[in-house]
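**Student:** One structure is given below, represented as structure tokens, and several questions about it will come after.
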Amino acid sequence: MSEAVQTLEGWFALHDFRRVDWNSFKRISQADRRRAVDSLLGLVREWEATESEKRGSTALYAVVGHKADLLFMHLRPTLQELEAVELQLNKSPFAEVASPIYSYVSVVELSNYTAQPGVDPSEDPAIQSRLKPILPKTQHICFYPMNKKRQGADNWYMLSMEDRRRMMRSHGEIGRRYAGRVTQIITGSVGLDDWEWGVTLFADDPVVFKKLVYEMRFDEVSARFGEFGRFFVGNRLTPDRLVEWLEV
Ligand code: 76R
């Protein structure tokens, strides 16, 4: 058996994708629309308070394309708290016009492929803040789930630790060339959802998503072992933009 990589887990993540039923939303009375919008704005304010108290973080984006209309990305310390935010939204008047269309459950993960030996992660503030990150406020988000292949000679889980470490080092080197332009949050989902990881990228220039993901396709770990789900891309909704976005 190959040596399993050690991982550190942080906050739990829910990527909650919603479809807005614009036809119903336009048909209901102005008072009901007001109620729906106000209920959502109330939740956004609660999530902002949670974030300022460092009890989690939430990002809200408008998804471009037909796969969804909104993405609520929530990070919370426990799975119970994640369920509570989801339930709160589901019970709100806004949910009468915004039903779930896709979701992804995972947990923020750091692996020790490139860890410094001798560093106690529970004592390292840099590691702790990566495990419990406040989500970036970038203009754009990109999310997709992925696996590492387990097929014939290309079985990631049968490679030696040394081979995996070498490939992950090269992966990290490419990623670091994008420092300052993109932030990745890797969330692990083995045993939690349909794929092995969720990849969430944040950037102010969406072309950077394309360039980074494309460059990684040529790198061994992605070229040989990467299997990808659907890609979602979105534009940030501040509370002000959200009000405009919902105006009909
Ligand atoms: O050295 C370090 O501190 C971190 C190095 C690092 C690890 C361990 C790193 C860096 N990643 C790691 C783990 Mn990543 N990453 C992806 C994708 O589209 C594709 O081809 C793959 C999707 C992107 C775009 C990306 C970006 N990374 C992982 C893992 C877990 C693998 C495992 O444990 O087997 C996955 C699935 C994954 C996928 N990676 C970086 C980036 C970027 C931009 C960086 C550098 C920035 C940073 O250090 O945060």
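**Student:** Residue by residue through the stretch 90-136, note down the ones that are within 18 Å of the chain's Cα centre (by Cα) and farther than 27 Å from E173 by Cβ.
**Tutor:** Within the stretch 90-136, P100, I101, Y102, S103, Y104, V105 qualify.
**Student:** For E109, only one of the following conditions fails: (1) under 20 Å from S52 (Cα atoms); (2) within 16 Å of the ligand (Cβ to nearest atom). What is its number?
**Tutor:** (1)
**Student:** While we're here: Out of all the residues in the stretch 77-100, is one or more among the hydrophobic types (A, V, I, L, M, F, W, C), surrounded by fewer than 18 Cβ atoms within 10 Å (Cβ to Cβ) and within 16 Å of the ligand (Cβ to nearest atom)?
**Tutor:** no
**Student:** V63: touching a helix residue (DSSP H, G or I) at 6+ places or on another chain (Cβ under 7 Å) and more than 16 Å from the ligand (Cβ to nearest atom), yes or no? Show your work before the answer.
**Tutor:** Values: touching a helix residue (DSSP H, G or I) at 6+ places or on another chain (Cβ under 7 Å): no; more than 16 Å from the ligand (Cβ to nearest atom): yes.
Answer is no for this residue.
**Student:** Look through N112, N90 and report the one residue that is over 28 Å from M161 (Cβ atoms) and of a type in the set (S, T, N, Q). Even if it seems obvious, please write down each step before you answer.
**Tutor:** Numbers: N112 fails: over 28 Å from M161 (Cβ atoms).
Residue meeting the stated conditions: N90.
**Student:** What's the total number of residues in the stretch 146-158 that are within 12 Å of the ligand (Cβ to nearest atom) and out of contact with any helix residue (DSSP H, G or I) (no Cβ under 8 Å at 6 or more places or on another chain)?
**Tutor:** Counting residues in the stretch 146-158 that are within 12 Å of the ligand (Cβ to nearest atom) and out of contact with any helix residue (DSSP H, G or I) (no Cβ under 8 Å at 6 or more places or on another chain) gives 3.
**Student:** What's the total number of residues in the stretch 186-242 that are under 16 Å from A62 (Cβ atoms), in contact with a Ser or Thr (Cβ under 6 Å, 6 or more places away or on another chain) and buried (at least 19 other Cβ atoms within 10 Å of the Cβ)?
**Tutor:** Of the residues in the stretch 186-242, 2 are under 16 Å from A62 (Cβ atoms), in contact with a Ser or Thr (Cβ under 6 Å, 6 or more places away or on another chain) and buried (at least 19 other Cβ atoms within 10 Å of the Cβ).
**Student:** Sort through L40, L70 and tell me the only one that's within 21 Å of P136 (Cβ to Cβ) and of a type in the set (A, V, I, L, M, F, W, C).
**Tutor:** Values: L40 fails: within 21 Å of P136 (Cβ to Cβ).
Matching residue, one of L40, L70: L70.
**Student:** So, one more: Out of V221, V213, V208, V190, report the one residue that is over 19 Å from the mean Cα position of the chain (by Cα) and β-branched (V, I, T).
**Tutor:** Numbers: V213 fails: over 19 Å from the mean Cα position of the chain (by Cα); V208 fails: over 19 Å from the mean Cα position of the chain (by Cα); V190 fails: over 19 Å from the mean Cα position of the chain (by Cα).
V221 is the lone residue from the list that is over 19 Å from the mean Cα position of the chain (by Cα) and β-branched (V, I, T).
Each reported figure results from applying straightforward, stated rules to the coordinates on display, with no laboratory input. These numbers come from a predicted model, not from an experiment. Virtual Cβ from ideal backbone geometry, glycine too; neighbours counted across all protein chains shown.
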